[in-house]
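Written below as structure tokens is the structure these notes are about.
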Amino acid sequence: MTAELLYSKDHEWVRVDSDGVAVVGVTDYAAEQLGDVVYVDLPEAGADISAGTEMGEIESTKSVSDLFSPIDGTVTEVNQAVVDAPELVNSSPFDEGWLVKVSFAALPEDLLSAEDYTAFTQS
Amino acid sequence: MVEQALRSTMLETVHESLGATFTDFAGWRMPVRYDSDLAEHAAVRERAGLFDLSHMGEIHLRGPQAADALDHALAGKLSAMSVGRAKYSLLLTQDGGVIDDVITYRLAEDHFIVVANASNAEVDAQELTTRAAGFDAEVDDASDRTALIAVQGPASEEILLRALTTGDSGVEGIGAEDLREMKNYRFAEGTYRGEQLLIARTGYTGEDGFELYVPDELAAVLWEQLTVAGGEDLTPCGLACRDTLRLEAGMPLYGHELGRDLYPAQSGMARVVALTSKGDFVGREGVEAADLSDRPVLVGLVAEGRRAARADAKVRDTEGREVGAITSGVLSPTLGHPIAMAFVRPTVTEVGTELIADVRGKDLPVRVVALPFYSRA
């Protein structure tokens, strides 16, 4: 859990970097629930994504889960490292395991703070 | 709908202290993994893994006609099995479908244990009771008082020798030689701390290994004793890796590759049905009357890349005609490519046949291969 991040109820996190681009990943809670991640299917750079809709898939040995975008915007970069080594989602969900970077106009208002997200996962 | 409370095994607090993630499996709260299911999978292939399988059912049959009752109740000829041996068999419906797949152990001329899948244990006990009614044999469902712990992997024998054959092990009646010389699908009986202990060289992982049956109250102390003796060589393993291990080994899972709407022959299990060596039994008529000519057949499929076709994915031929569906599929941790089992039309079962799996809307080229995907060296 990292304080300056915002979280969706679909267990994605969003971090806005100094260049104004949003970095998106899945939370440690989600990674834990999934088990060992063996495959990620991500949108391509240039793709438009919208909050709450499917933007890819994440597979563990046990299951396949849809990946939902936490924000509206356009994908500017895909983390090739996580495509090549999906286990980064487990070992470093908030850092090396980021998924996509997104240019955006505004953040959805229903994203959660770290505190609220923690409460949400424990409810 | 009323939500039923999950049942738990005697080892639940042990699993919790090990940090297990739990899942609801057939009404039981069972460890799905402790840390990493890939690491647990690899541990079983390379060294050894420790599993709590106490959710499985143990149904005893005792009496002068116990063997005859099982010959009537199951698809195999259990009366021909020697004492000290175990055998894979099927419990069939009247129509020849599969109610469950079971392992039967013969403890004495007049005493057998049928080990059932957790999801079917109650149904199996009921069926065996009904089917044994005309015989001089008593059915005793000991599932609620029997724990099952498995040690699976190439280091299993060494670990059992260290844990159970030293001076203060608490084991009587099973010695080091008994374990070393025990062949596959054989078992030995003894006592552990004065209670009945059965150690069998059986498993569901495709590796060498043992399954240990003890009364519930001894499960935790036996687990601890194995853990201490196993040290770095023994990794606690959850049900997630049990599934990927059995799938690599080409072993069927009830509800996926076996079911009431499937004849044994469709699942490659014709050899388990003793049509020629014994008399009437439940399911014989159904199996004999079955027209299998257009029935789907179980095959293995492999693909390239990392994206696996999962259960329920449709399978098509290269001309786009639907020819079947996948029943189990995963990215094989050992082999590094996707593997799957599928029921397909009899016309496309030849090894090497190229097919297409529909992986959630995307086509994945797959190829028919012989099972198993993985065999130990």
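Bear in mind these aren't lab numbers, they're just calculated from the coordinates by the rules spelled out. Please read these numbers as outputs of a predicted model, since none were measured by experiment. Because the Cβ atoms are built from the backbone with ideal geometry, glycine has one as well, and the counts that use them run over all protein chains shown.
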Could you sort B:62-69, B:289-296 so that the peptide with the highest average Cβ count within 10 Å comes first and the rest follow in order? B:62-69, B:289-296
Taking the protein assembly as shown, the lysine pairs whose C-alpha atoms sit under 28 Å apart (8 or more places apart or on different chains) add up to 14
Farthest towards the positive end of the dipole of the stretch B:1-293, among B:Thr129, B:Gly231, B:Ser89 and with Cβ unit charges of +1 on Lys and Arg and -1 on Asp and Glu, lies the Cα of B:Ser89
On each of the three principal axes the extent of the alpha-carbon atoms of chain B, given in whole Å and largest first, is 66, 50, 49
Assigned charges on the beta-carbon of Lys, Arg, Asp, Glu; chain B dipole about Cα centre (debye): 1100
Would you kindly state how much longer the chain becomes between B:Ala5 and B:Glu158 on full extension, computed as 0.36 nm times their sequence separation minus their alpha carbon distance, in nm to one decimal? 51.2 nm
How far is the Cα center of the stretch B:216-245 from the Cα center of the stretch A:1-64, in Å? 34
Positive-end extreme of charge dipole, chain B - chosen from B:Ser17, B:Val115, B:Val272 (charges on Cβ): B:Val272
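Normalised by the residues of chain A, what does the relative contact order come to in percent, with Cα pairs under 8 Å and at least six apart?
Computed value for chain A: 31 percent relative contact order.
Order of B:241-253, A:52-64 by packing, highest average Cβ count within 10 Å first? Could the numbers behind the result be given before it?
Numbers: B:241-253: 22.8, A:52-64: 18.6.
The packing order, highest mean first, is B:241-253, A:52-64.
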Exposure proxy check: A:Lys9, B:Lys362 ranked by fewest other beta carbons within 10 Å? B:Lys362, A:Lys9
For B:159-172, B:87-100, ranked highest to lowest by mean beta-carbon neighbours within 10 Å, the order is B:87-100, B:159-172
